[in-house]
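What follows is a set of notes on a single structure, which appears directly below.
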Amino acid sequence: GKDSKALGELRNLFDLAEAYGYKDWLVFDASVVRGLAYYTGIVFEGFDRKGEFRAICGGGRYDKLLGSFGGEALPAVGFGFGDAVIAELLMAKGKMPSFASPNIPVVVSAFETALQPVAAKVASKLRGAGLDVDLMLDVKKPKQILKHTDRVGASYWVSVAPTEWKDERVVLKNLNSKDQTDLSIDELVEKLTP
């Protein structure tokens, strides 16, 4: 009836949606049913505006789910989405990125684990200067790094090695000319940015 808790929650949802300015994006559909075993309130599904695809995401309110896994029974809202529908939507909109050849111009690596924070700092400085940079998170042998630079289409490899870093310098290798030079981080940024 008109005094039911569920109807009150729906009215409240649509009132809030209107107040926040997104009411036009909501459509009431009494046929949506999701996971009756754990949802305790409003459920929802998200679709593209034209309705050409199946649900992009779905979720709802669950007040007892966390408690059923041994935690405190806290009220919560959650949702999930699938990559297949997102991929279909991106392709239909012409927004799917090409993964064939990423063409990342600079790869940064640390020669040893202790230098990984320095490598992260170098990558951050280069990114801050507007460059696309791939920071290798694991310490790898040079042969493996060069294989990776080939795969991502890099033109430069920046190596943070202990001997050079003692003088706060890194090694820049031009992968096209095979030239190599030691530079400070500031010199490196200057050399690689137009």
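Does region 46-68 include one or more residues that are β-branched (Val, Ile, Thr), within 30 Å of Gly153 (Cα to Cα) and open to solvent by less than 50 Å² (accessible area, probe 1.4 Å)? Can you show your working first?
Filtering region 46-68 down to residues β-branched (Val, Ile, Thr) leaves 56.
The next check asks that each one be within 30 Å of Gly153 (Cα to Cα); those that pass are none.
No.
List the residue pairs whose Cβ atoms are under 9 Å apart, where the first residue sits in region 110-125 and is within 12 Å of Ser159 (Cβ to Cβ) and acidic (Asp, Glu), the second is assigned to a helix (DSSP H, G or I) and at pLDDT 95 or above, and the two are 6 or more positions apart or on different chains.
From residues that are within 12 Å of Ser159 (Cβ to Cβ) and acidic (Asp, Glu), the pairs are Glu112/Pro162.
So which of Tyr20, Tyr38 ends up being modelled with pLDDT under 95 and open to solvent by less than 100 Å² (accessible area, probe 1.4 Å)? Don't jump to the end; show me each part of the working.
Working: Tyr20 fails: open to solvent by less than 100 Å² (accessible area, probe 1.4 Å).
Among Tyr20, Tyr38, only Tyr38 is modelled with pLDDT under 95 and open to solvent by less than 100 Å² (accessible area, probe 1.4 Å).
So, of the residues in region 58-84 that are touching a helix residue (DSSP H, G or I) at 6+ places or on another chain (Cβ under 7 Å) and small (Gly, Ala, Ser), which turns out to be nearest to Phe47 (Cα to Cα)?
The initial filter retains those residues of region 58-84 that are touching a helix residue (DSSP H, G or I) at 6+ places or on another chain (Cβ under 7 Å), namely 72-74, 76.
Within this subset, residues satisfying the condition of being small (Gly, Ala, Ser) are 73, 76.
Values: Ala73: 30, Ala76: 22 Å.
This residue is Ala76.
Taking the options Pro105, Pro117, Pro75, name whichever one is surrounded by 13 or more Cβ atoms within 10 Å (Cβ to Cβ) and touching a strand residue (DSSP E or B) at 6+ places or on another chain (Cβ under 9 Å). Write out each step before concluding.
Values: Pro117 fails: surrounded by 13 or more Cβ atoms within 10 Å (Cβ to Cβ); Pro75 fails: surrounded by 13 or more Cβ atoms within 10 Å (Cβ to Cβ).
So the residue among Pro105, Pro117, Pro75 that is surrounded by 13 or more Cβ atoms within 10 Å (Cβ to Cβ) and touching a strand residue (DSSP E or B) at 6+ places or on another chain (Cβ under 9 Å) is Pro105.
Can you tell me which residues in region 125-143 are surrounded by 13 or more Cβ atoms within 10 Å (Cβ to Cβ) and out of contact with any Leu (no Cβ under 7 Å at 6 or more places or on another chain)? Step through it out loud before you land on a result.
In the first step, residues of region 125-143 are kept if they are surrounded by 13 or more Cβ atoms within 10 Å (Cβ to Cβ); the result is 125-127, 129, 131-136, 139-140.
Correct list: Lys125, Arg127, Ala129, Asp132, Asp134, Leu135, Met136, Val139, Lys140.
Just need a number here: residues in region 33-62 that are without any contact (Cβ under 8 Å) to a residue 24 or more places away in the chain and closer than 28 Å to Lys93 by Cα.
Residues that pass the stated criteria total 6.
Please report, ordered by residue number, the strands (runs of 3 or more DSSP E) entirely within region 128-174 with at least 3 residues that are under 25 Å from Phe99 (Cα atoms).
133-135, 156-160
Could you tell me which residue of region 175-194 is least open to solvent (accessible area, probe 1.4 Å), considering only residues that are part of a strand (DSSP E or B) and closer than 15 Å to Ala119 by Cα? Quick ask: steps written out before the conclusion?
Taking region 175-194 first, the residues part of a strand (DSSP E or B) are 180-183.
Now restrict to residues that are closer than 15 Å to Ala119 by Cα: 182-183.
Values: Asp182: 64, Leu183: 21 Å².
Filtering region 175-194 for residues that are part of a strand (DSSP E or B) and closer than 15 Å to Ala119 by Cα, the one least open to solvent (accessible area, probe 1.4 Å) comes out as Leu183.
The values are calculated or read from the model by the stated rules, or taken from the named source; none is laboratory data. Note that the structure is a prediction, hence the values are computed from the model and not measured. Neighbour counts are summed over all protein chains in view; Cβ atoms, including those assigned to glycine, are modelled from backbone coordinates with ideal geometry. Side chains included, ligands, DNA and RNA excluded: accessible areas come from the protein's heavy atoms. Shrake-Rupley method; radii C 1.70, N 1.55, O 1.52, S 1.80 Å.
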